[in-house]
Amino acid sequence: MKTVVPCYYHLDVEVSPERVDQVRRILAAHLRYWNLENLVEPVCHCAETLLRSIEAHATDKNTTLEMWWNGQHLITAVADIDGESHPESATRGCLAHIAALSDGWGCCTTGRGGRIVWFSRRVRAMERAPLVPAIPAPSLREARRAPREMPVPALAGPAPEGPLVNAAPE
């Protein structure tokens, strides 16, 4: 059976227009390295949307980005320190866009007044890399030998000759 090694990536970045494109390329490279080519476009697009929202509306541009891969789901989280300064309309549009492109998402506040937005994408069965077929095990007929003829051990006494009668009282 093919096993998947859990992967984790952490990036602290100060968001600027040129950094958004750079972070997108970094995330795409990590996803390709983890053999998740089919997730590059939706994950990078969602992360780019979040980073552009932070770049446009936040006063503190320091951001943390994390990705976790557990073999079935890829979870990406973007945390900013300045969660209070986002206009409600920009936040709502950004989150609606992320909800449309992901399998699950969420948003929570941090203890320092910031905000964390996360989204997940799962790898569907048809998108997984095919497993290398194992050498087939031999069938039971090939694996077991035919039993040898062994003499049946003799009974302790002679077998009764008549029909068996139920001796139990009725």
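The values are calculated or read from the model by the stated rules, or taken from the named source; none is laboratory data. These numbers come from a predicted model, not from an experiment. Note that each Cβ is placed from the backbone with ideal geometry, even for glycine, and that neighbours are counted across all protein chains shown. Just the protein is used for accessible areas: all its heavy atoms, side chains included, with ligands, DNA and RNA removed. Shrake-Rupley method; radii C 1.70, N 1.55, O 1.52, S 1.80 Å.
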> Hey, rough spin-label estimate for GLU48 and ASP60, points 7 angstrom out along Cα→Cβ, what's it come to in nanometres?
Replying inline: 2.8 nm
> How many Å² of accessible area per residue for the range 1-79, probe 1.4 Å?
Replying inline: 53 Å²
> With all pairs of different alpha carbon atoms counted, what Kirkwood hydrodynamic radius in Å does the range 16-68 show?
Replying inline: 11.5 Å
